[in-house]
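*Asks:* Below you'll find the structure I mean.
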Amino acid sequence: MSAVRGEDAVTLSRPRLPARRVGIARALHDAVRPARLLLVAKTALAVALAWLIAPHMPGVTQEYPYYAPLGALVSMYPTLMGSARSSLQTLLGLATGIGLATVVVLTVGPNWWTIPLVVAIGVLLSGTGWFGAGREYVPMAALFVLIIGGQNADDYSLGYLTQTAVGVVIGLVVNVAIAPAPLTVAAAGQLAAFREQLATHLHDIGSAVSTSWPPENEQWAEDAESLADTSAELRAALAEAEESRRGNPRARGHRTRVQASYAELAALDRIAHLIRDIADGIADTIWDRPAGISLDSALPEPLSAACHAVADVIARGDASSSEDHRAREDAARAIRILLEVIDERTVDVRRTMGPGVLTTMHLRRILILSGTPRTEPA
């Protein structure tokens, strides 16, 4: 018994290794995307300019030049609106922390109990959500002023805030001068990949049902659970694409594309739910779960054919060419044949064709939803 369990553990662990490799490869690919490399170059340029300009600031601020590159660094963000927002939030967090430290300096002074008290208040304020990306700088700025500033807390506070602001301004200027490309094209590419993923899952279900009964390969059921995660990632990507368009001089005409992408994602999201429901219904039948209803022996073949035909339509997406129309007609015919078999077997055996009816209804809905036009790259 233990040997069998050991073999099962090895078998179950095998699919995870390729998944991890795919995850690592995807992470490396994301790190060297053109948009990311552009951000890397702009960040390096902003930090270099900040370091060159900081020593020439007037007054005591020139004594703290190292905070200018820090300001440039925190101001760099993939989108212009994100850069502006994070910069303002960082400066607000710094000003608040410096204000807390100033109150201590002007009253009881820094000592063993006022320093941790101010830091605690800073951490408390940072949890309010008022400071966004600058929340960590509230307690940090207060601590730096009290410990590093010491007797020169006034000069240090002025240099700290001013030089950081200088770096922020430089970073914003660099980001505007070299505006990032809107992320709408990348989001459209992710939508196309999601469409292919949905088609692949439905093909896998069709193959699993027709190869043997009960199906020996369980990967199709496990993969269906990942559809919800992909949908959530796409929603975040579209939100970022929408933000990348705001205030961006390179984003003219991209608003329509983003709206079309949201509409397509809504349709694909519903398709994903339907495919997961098909997978769950068949899995209930296979593994005799409480909700499972037996599948008649005459259904696997037409059910598989209908799944494959509808999956082909999902992969095509739009319905603009004659081949697309033929694919949709083939899918409609396959669904109709499946329904005819279900009707015949229901009359013959006088028994509910549960999984077959559920799958037929969902495949019809998927076929309708798959008519949503595909978003074209700019």
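The values are calculated or read from the model by the stated rules, or taken from the named source; none is laboratory data. Computed from a predicted model, the values in this text were never measured in an experiment. A quick note on method: Cβ atoms are made from the backbone with ideal geometry, for glycine too, and the neighbour counts reach across all protein chains shown. Just the protein is used for accessible areas: all its heavy atoms, side chains included, with ligands, DNA and RNA removed. Shrake-Rupley method; radii C 1.70, N 1.55, O 1.52, S 1.80 Å.
*Asks:* Report the FRET efficiency, 1/(1 + (r/R0)^6), for Ile24 and Thr107, where r is their Cβ-Cβ distance and R0 is 45 Å, rounded to 0.05.
*Replies:* 0.25
*Asks:* Then there is this: Using a 1.4 Å probe on the protein heavy atoms only, what accessible surface does Glu301 show? Give it in Å² to the nearest 10.
*Replies:* 150
*Asks:* Still on this structure, I have one more. Give, in nm to one decimal, the length gained when the segment between Ala44 and Glu323 is fully stretched (0.36 nm per residue of separation minus the Cα-Cα distance).
*Replies:* 95.5 nm
*Asks:* How much FRET efficiency would the formula 1/(1 + (r/R0)^6) give for Val347 and Ser207, where r is the Cβ-Cβ distance and R0 is 30 Å, rounded to 0.05?
*Replies:* 0.55
*Asks:* Given a 1.4 angstrom probe, I'd like the percentage of the accessible area of segment 75-177 that is carbon and sulfur, rounded to a whole number.
*Replies:* 73
*Asks:* Rank these by accessible area, largest first, 1.4 Å probe: Tyr66, Tyr137.
*Replies:* Highest to lowest solvent-accessible surface, that is Tyr66, Tyr137.
*Asks:* When the chain is fully extended, how far beyond the present Cα-Cα distance does Ala193 get from Asp277, taking 0.36 nm per residue of separation?
*Replies:* The Ala193-Asp277 span can extend by a further 28.2 nm.
*Asks:* Tabulate in residue order the Karplus-calculated ³J(HN,Hα) for segment 150-160, using 6.51 cos²θ - 1.76 cosθ + 1.60 with θ = phi - 60°, rounded to whole Hz; enter x for Gly and Pro.
*Replies:* These are the phi-based 3J(HN,Hα) values: x, 5, 9, 4, 5, 5, 5, 4, 5, x, 4 Hz.
*Asks:* What distance in nm separates the two pseudo spin-label positions at Trp130 and Val60, each 7 Å out from Cα along the beta-carbon direction?
*Replies:* For Trp130 paired with Val60, the spin-label model returns 2.6 nm.
*Asks:* To the nearest 0.05, what FRET efficiency results for Leu52 and Ile368 with a Förster distance of 41 Å applied to their C-beta separation?
*Replies:* After rounding, the FRET efficiency stands at 0.10.
*Asks:* With label points built 7 Å along Cα→Cβ from the Cα atoms of Glu340 and Val32, find their separation and express it in nm.
*Replies:* Those two pseudo-labels are separated by 5.4 nm.
*Asks:* Given points 7 Å out from each Cα along the Cα-Cβ axis, report the Met81 to Val123 separation in nanometres with one decimal.
*Replies:* Placing both labels 7 Å along Cα→Cβ, they lie 3.4 nm apart.
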